[in-house]
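J.: Shown below is the structure under consideration.
The values are calculated or read from the model by the stated rules, or taken from the named source; none is laboratory data. Computed from a predicted structure; not experimentally measured. Heads up, the Cβs are rebuilt from the backbone with ideal geometry, glycines too, and the neighbour counts pull from every protein chain shown. Side chains included, ligands, DNA and RNA excluded: accessible areas come from the protein's heavy atoms. Shrake-Rupley method; radii C 1.70, N 1.55, O 1.52, S 1.80 Å.
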Amino acid sequence: MPRPVPAVLSIAGSDSGGGAGIQADLKAFARCGVHGMTAITALTAQSTVGVTGIHPVPGEFIIEQVRTVAADIGVDAVKIGMLGTAETVRAVREALGHIEDGVPIVIDPVMVAESGAVLLDDEARAAIVRELLPLATVITPNLPEARVLAAGAERAGATERGRDDVEDLARALHGLGPANVVVTGGHRDEVTDVFFDGTSVTLLAGERHPDGAAHGSGCTHSSALAAHLALGFSPQEAARAARRLASEAVRDGHRSIGRGPGPVNVLGVAVRAVTPDRLARQA
Ligand SMILES: Nc1ncnc2c1ncn2[C@@H]1O[C@H](COP(=O)(O)OP(=O)(O)O)[C@@H](O)[C@H]1O
Ligand SMILES: Cc1ncc(COP(=O)(O)O)c(N)n1
């Protein structure tokens, strides 16, 4: 029987502060109207201020999480976020073998949290490039992540040189094997996402919300993108929709939750808590 709504799987880390990672992904899936599923790669003890600990999930158990949901529910798109270690990358590569060929895969090569904490070691970065990027339908690095990945590409002889221009960066990253590249714009003044499909570059412009809250913006973006692919949108249309949703989530974000960069709020004004006061007023 066809699923009543698409089912989208996030393979990513948990953010105990509720702003990024798996927690952001499930909120983005709910906002997009798809059924969200999770295979957790690592637990982080994390707040808006920093990460105090990382507890990787054993590779075998990452594979088991994916195998279990794929066998019963099925998977219409995958989003991959924080991986942390090379062992985790290898496990995720194996886990993808339990998902049908042709299911779209979005990879957000998470390296550093908004708070500055490092979430990926060097060996893992090389493993992502080698094992996962060639499988991706879309990769969604932010500008610093794109620079790091492209530098690796140059060392491997995959690109020619000098990569400060974002469009050139997107082209260089396409050379690593993904079908499409989005370099997200949160770290640039004009906040324009750069989309490259191997033939042409499209600039996905939009409003900048300088006073918003951006912890979780990248996770929200890549999850919304995966959800839109599952819903049948083209990669470019999905990237446009994801940019809009992420930007609104930053705009509606909670600046005063925590002492660091506050969490995005992808559910926006649609969700208002039912407080005893509000309930009494309605009665
Ligand atoms: N201040 C902002 N105003 C509007 N959109 C933003 C803002 N910051 C990030 N975005 C959008 O959120 C998405 C994630 O971008 P980015 O912040 O670059 O990712 P990351 O969280 O991985 O650093 C992109 O679509 C980007 O354009
Ligand atoms: C578990 C986990 N995954 C990803 C991020 C990056 O999120 P962002 O760059 O949007 O702050 C994070 N901080 N924690």
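J.: If we scan segment 230-248, do we find a residue that is in a helix (DSSP H, G or I), acidic (Asp, Glu) and within 16 Å of ligand 1 (Cβ to nearest atom)? Break it down into steps so the answer makes sense when it comes.
T.: So in segment 230-248, the residues in a helix (DSSP H, G or I) come out as 230, 235-248.
Filter once more, so that each one left must be acidic (Asp, Glu): 237, 248.
The next check asks that each one be within 16 Å of ligand 1 (Cβ to nearest atom); those that pass are 237, 248.
Yes: segment 230-248 contains one or more residues that are in a helix (DSSP H, G or I), acidic (Asp, Glu) and within 16 Å of ligand 1 (Cβ to nearest atom).
J.: Looking only at segment 28-69, filter to residues that are of a type in the set (Ser, Thr, Tyr) and outside any loop (DSSP other than H, G, I, E, B); which one of those is farthest from Pro4 (Cα to Cα)? Break it down into steps so the answer makes sense when it comes.
T.: The initial filter retains those residues of segment 28-69 that are of a type in the set (Ser, Thr, Tyr), namely 38, 41, 44, 47-48, 52, 68.
Add one more test, that the residue is outside any loop (DSSP other than H, G, I, E, B), and what stays is 38, 41, 44, 52, 68.
On the way: Thr38: 19, Thr41: 28, Thr44: 33, Thr52: 40, Thr68: 20 Å.
Going through the qualifying residues, I end up with Thr52.
J.: Could you go through segment 193-203 and let me know if any residue there is among the charged types (D, E, K, R) and at pLDDT below 95. Before the answer, list the steps.
T.: Here is the first cut: in segment 193-203, the ones among the charged types (D, E, K, R) are 193, 197.
From the residues that got through so far, the ones that are at pLDDT below 95 too are none.
No, there is no match, as no residue in segment 193-203 is among the charged types (D, E, K, R) and at pLDDT below 95.
J.: Taking Asp193 as meeting all but one of (1) touching a strand residue (DSSP E or B) at 6+ places or on another chain (Cβ under 8 Å); (2) of a type in the set (Asp, Glu); (3) surrounded by fewer than 18 Cβ atoms within 10 Å (Cβ to Cβ), write down the number of the exception.
T.: (3)
J.: Whether any residue in segment 115-126 is polar (S, T, N, Q) and farther than 17 Å from Ala39 by Cβ is what I want to check. Please lay out each step first, then the result.
T.: Just the residues of segment 115-126 that are polar (S, T, N, Q), to begin with: 115.
So of that shortlist, the ones also farther than 17 Å from Ala39 by Cβ come out as 115.
Yes - at least one qualifying residue is present in segment 115-126.
J.: Still on this structure: Tell me which of these Ser115 doesn't satisfy, since it passes every other one: (1) modelled with pLDDT of 90 or more; (2) farther than 22 Å from Ala241 by Cβ.
T.: Failing condition for Ser115: (1).
J.: Could you tell me which residue of segment 100-110 is farthest from ligand 2 (Cβ to nearest atom), considering only residues that are over 15 Å from Ala238 (Cα atoms) and buried (at least 20 other Cβ atoms within 10 Å of the Cβ)?
T.: Pro109
J.: What number of residues within segment 1-13 satisfy the criterion of being in a strand (DSSP E or B) and surrounded by 22 or more Cβ atoms within 10 Å (Cβ to Cβ)? Before the answer, list the steps.
T.: Of segment 1-13, the ones in a strand (DSSP E or B) are 7-13.
Restricting the remaining residues to those that are surrounded by 22 or more Cβ atoms within 10 Å (Cβ to Cβ) gives 8-13.
Of the residues in that region, 6 qualify.
J.: Among the residues of segment 187-202, which ones are of a type outside the set (A, V, I, L, M) and part of a strand (DSSP E or B)?
T.: Within segment 187-202, the first condition is being of a type outside the set (A, V, I, L, M), and the residues that meet it are 187-190, 192-193, 195-200, 202.
Across segment 187-202, the qualifying residues are Asp193, Phe195, Phe196, Thr202.
J.: Only one residue in His187, His209, His215 is touching a residue at least 12 places away in the same chain (Cβ under 8 Å) and surrounded by 24 or more Cβ atoms within 10 Å (Cβ to Cβ). Which one? Quick ask: steps written out before the conclusion?
T.: Numbers: His187 fails: surrounded by 24 or more Cβ atoms within 10 Å (Cβ to Cβ); His209 fails: surrounded by 24 or more Cβ atoms within 10 Å (Cβ to Cβ).
On inspection, the qualifying residue turns out to be His215.
J.: Scan segment 84-101 residue by residue and report those that are touching a residue at least 60 places away in the same chain (Cβ under 8 Å) and either on the phi > 0 side of the Ramachandran plot or touching a Ser or Thr at 6+ places or on another chain (Cβ under 6 Å) (or both).
T.: If the condition is that a residue be touching a residue at least 60 places away in the same chain (Cβ under 8 Å) and either on the phi > 0 side of the Ramachandran plot or touching a Ser or Thr at 6+ places or on another chain (Cβ under 6 Å) (or both), then Gly84 is the only one that fits.
J.: Just for segment 58-89: of the residues that are charged (D, E, K, R) and out of contact with any Asp or Glu (no Cβ under 7 Å at 6 or more places or on another chain), which one is least open to solvent (accessible area, probe 1.4 Å)?
T.: Quick first cut of segment 58-89, residues charged (D, E, K, R) only: 60, 64, 67, 72, 76, 79, 87.
Pick out the ones that are also out of contact with any Asp or Glu (no Cβ under 7 Å at 6 or more places or on another chain) and you get 60, 64, 67, 72, 76, 87.
Working: Glu60: 128, Glu64: 81, Arg67: 99, Asp72: 123, Asp76: 45, Glu87: 112 Å².
Of everything passing the filter in segment 58-89, Asp76 is least open to solvent (accessible area, probe 1.4 Å).
The rows are residues; the columns are (1) open to solvent by less than 80 Å² (accessible area, probe 1.4 Å); (2) farther than 19 Å from Cys219 by Cβ; (3) of a type in the set (A, V, I, L, M, F, W, C).
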position: Arg240; (1), (2), (3): no, no, no
position: Asp252; (1), (2), (3): yes, no, no
position: Ile257; (1), (2), (3): no, no, yes
position: Val264; (1), (2), (3): yes, no, yes
position: Ala280; (1), (2), (3): yes, yes, yes
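J.: Continuing with this model, one more query. Please state which one of Thr52, Thr41 is of a type in the set (S, T, N, Q) and crowded, with 19+ Cβ neighbours inside 10 Å. Steps first, please.
T.: Working: Thr52 fails: crowded, with 19+ Cβ neighbours inside 10 Å.
Selected residue: Thr41, the only one of Thr52, Thr41 that is of a type in the set (S, T, N, Q) and crowded, with 19+ Cβ neighbours inside 10 Å.
J.: Moving on to the next point. Restricting to segment 114-153, give me the number of residues that are in contact with an Asp or Glu (Cβ under 8 Å, 6 or more places away or on another chain) and either in a helix (DSSP H, G or I) or touching a residue at least 60 places away in the same chain (Cβ under 8 Å) (or both).
T.: Step one: of segment 114-153, the residues in contact with an Asp or Glu (Cβ under 8 Å, 6 or more places away or on another chain) are 139-141.
If we keep only those that are either in a helix (DSSP H, G or I) or touching a residue at least 60 places away in the same chain (Cβ under 8 Å) (or both) too, we end up with 140.
Summing the residues that are in contact with an Asp or Glu (Cβ under 8 Å, 6 or more places away or on another chain) and either in a helix (DSSP H, G or I) or touching a residue at least 60 places away in the same chain (Cβ under 8 Å) (or both) in segment 114-153 gives 1.
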